[in-house]
Amino acid sequence: MSFRTPYKVLCVCLGNICRSPTAEVVLRHYCDSGQLNVIIDSAGTSNYHPGKAPDLRSQQHALKRGYDLSNLRARQLLISDFLDFDLILAMDSENYNNIQRLKKTAMTEYGVEKIRAEVALMSEHDTIYPKQAVPDPYYGDASDFERVLDQCESSSQAWVEVFQKAKSEVKGVV
Ligand code: 4NP
């Protein structure tokens, strides 16, 4: 992984109103705590909820742990995101496959050499939930929203370790 700064990460789910806004704010919290220069955004593979604030249940559960999601607004993943972001994190394998499909379109549209984004699962390095989906809580209950937060916290801490290592390797070269 090459760690240019600011490093740019995009968290992606289906609707961009439950999982990926949660992931965005939780990952930002851990990157900031680790003094990493990382810019984080989120998007959905669908265009079901453009311009909408995160689901109130996501907002309420997140706020109980100190995460404020209220200023976020949903948007759809764009092919230009593959030019701008270094890393795109999928919440589940269906999102992952859809993101990879759109990446192919971006490659055709812009040329392979212009594409910056790597695609990975949010849980890629997670030791508690290894390579597991962050389950969609939309039709679920309170425990499903808590589970999203548990997994986002665990996976974000794992990503911060990866970023710290990549940053120290860049420093080592300079
Ligand atoms: P998300 O959850 O992908 O975590 O934002 C969903 C939000 C909305 C829908 C599905 C999942 N929906 O079908 O509208």
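Right, LYS131: assigned to a helix (DSSP H, G or I), of a type in the set (Lys, Arg) and at pLDDT 95 or above or not? So LYS131 does not fit the description; no.
Residues that are outside any helix (DSSP H, G or I), of a type in the set (Gly, Ala, Ser) and in contact (Cβ under 8 Å) with a residue 12 or more places away in the chain within segment 105-121 comprise ALA117, ALA120, listed in sequence order. Restricting attention to segment 74-104, which residues are assigned to a strand (DSSP E or B) and either without any contact (Cβ under 8 Å) to a residue 24 or more places away in the chain or in contact with a Cys (Cβ under 9 Å, 6 or more places away or on another chain) (or both)? Passing the criteria: ILE88, LEU89, ALA90.
Of everything listed in (1) crowded, with 18+ Cβ neighbours inside 10 Å; (2) over 17 Å from the mean Cα position of the chain (by Cα), the single unmet condition for PRO54 is (2). Scanning segment 4-42 for residues that are out of contact with any helix residue (DSSP H, G or I) (no Cβ under 8 Å at 6 or more places or on another chain) and within 13 Å of the ligand (Cβ to nearest atom) yields a count of 4. Assuming ASN71 fulfils every condition listed in (1) assigned to a loop (DSSP other than H, G, I, E, B); (2) within 16 Å of the ligand (Cβ to nearest atom); (3) not charged (D, E, K, R) apart from one, which condition is it? Just one mismatch for ASN71, condition (2).
Reported count of residues in segment 47-68, each being charged (D, E, K, R), in a helix (DSSP H, G or I) and either more than 19 Å from ASP144 (Cβ to Cβ) or within 15 Å of the ligand (Cβ to nearest atom) (or both), is 1. Is at least one residue of segment 44-57 touching a helix residue (DSSP H, G or I) at 6+ places or on another chain (Cβ under 7 Å), over 27 Å from PHE3 (Cα atoms) and at pLDDT 95 or above? Yes: segment 44-57 contains one or more residues that are touching a helix residue (DSSP H, G or I) at 6+ places or on another chain (Cβ under 7 Å), over 27 Å from PHE3 (Cα atoms) and at pLDDT 95 or above. Going by the structure shown, is ALA23 touching a residue at least 24 places away in the same chain (Cβ under 8 Å) and surrounded by 24 or more Cβ atoms within 10 Å (Cβ to Cβ)? Criteria met by ALA23.
The values are calculated or read from the model by the stated rules, or taken from the named source; none is laboratory data. What you see is a predicted model; the values in this text were computed from it and never measured. Here the Cβ is made from the backbone with ideal geometry for all residues, glycine too, and neighbour counts use every protein chain on show.
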